[in-house]
Amino acid sequence: MAETNPEKKMFFNSKTILALGIVLLVVVVVVFSFLNRDETGLQEGTVVIKAGGATLGSFTLADLRQLPEVEKKMNIHSSQGNTEHEFTCVPLLAVLNSIDPELTQRYEKILTKGVDNYTSGFNMSEVLQPDNVYIAYADYGKPLKTKTGGDGSMRVIICNDDYGQRFTMWLVSLELQ
């Protein structure tokens, strides 16, 4: 007569369940990594301007520094508290005009994207307002930090937005719509 050991059978089932759980977790991590990968290859220090899947142009920090800069003092109210800034920046209108002066007439909206995939947006009418939308590259004279802590990032600031929720840090692309 065959002898069965219930403890051995239960231990085997527990090990099997544990192994299947680990395999399932690995599969989930791989799937999410695949879905969240950066297909664009965009890096800080260069901002690509796109519309309808086509690249219209790009600019670097060096290009930005060739345009007339302004200093903007701002208080930003956020969940982390109020912070004071003195940004060195260039009006987004001047940046767009340096690429193609007709961009502001052809498109109505701009979606901004950071290297961390943070996306925000605003209307072109806000860009056309005097003293409103800027691309900042320094704060109190020091270069903005990249996501990894180096120098050389850019950030969208909107003067008429007191809370800074649409300010895109680590800016890498502008999608015109």
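Structure notes:
- Cα-based helix-to-principal-axis angle, 6-35 vs the chain, degrees rounded to 10: 20
- Overall form of the range 46-176 per C-alpha gyration tensor (a/c, 1.5; a/b vs b/c): rounded
- Length added when fully stretched, LYS147-ASN75, from 0.36 nm per residue minus Cα-Cα: 23.7 nm
- Where GluC sites (Glu not before Pro) in DSSP loops with at most 13 other Cβ within 10 Å are excluded, longest remaining stretch of the chain: 109-177
- Phi-derived couplings, Karplus 6.51 cos²θ - 1.76 cosθ + 1.60 at θ = phi - 60°, listed residue by residue for the range 148-158: 8, x, x, 8, x, 9, 10, 8, 7, 10, 10 Hz, with x used for Gly and Pro.
- Beta-bridge orientation, the chain: approximately 90 percent antiparallel, per DSSP, counting only bridges with both partners inside.
- Of the chymotrypsin sites (Phe, Trp or Tyr not before Pro) found in the range 92-165, the ones in coil according to DSSP and having at most 14 other Cβ atoms within 10 Å of their Cβ are TYR118, TYR140, TYR163.
- Sequence of THR112, THR146 once ranked by neighbouring C-beta atoms within 10 Å, starting from the fewest: THR146, THR112
- Calculated [222 nm] ellipticity per residue, helices only, for the chain: -8500 deg cm²/dmol; basis is -39500 (n - 2.57) per DSSP H run with n ≥ 4, divided by all residues, nearest 500.
- Note on the chain: GNM, Cα springs under 10 Å; of THR119, THR60, THR83, the largest mean-square fluctuation is that of THR83.
- Legend: ranking of residues CYS159, CYS89 from fewest to most surrounding C-beta atoms inside 10 Å; resulting order CYS159, CYS89.
- In terms of other Cβ atoms within 10 Å, HIS85, HIS77 run from fewest to most in the order HIS77, HIS85.
- Contact order normalised by residue count of the chain, Cα under 8 Å, 6+ apart, percent: 24
Read-outs: derived from the displayed coordinates by stated rules, not from any lab. All figures in this text were calculated on a predicted structure; none of them were measured in a lab. So basically every Cβ, Gly included, is an ideal-geometry build from the backbone, and we count neighbours across all protein chains shown.
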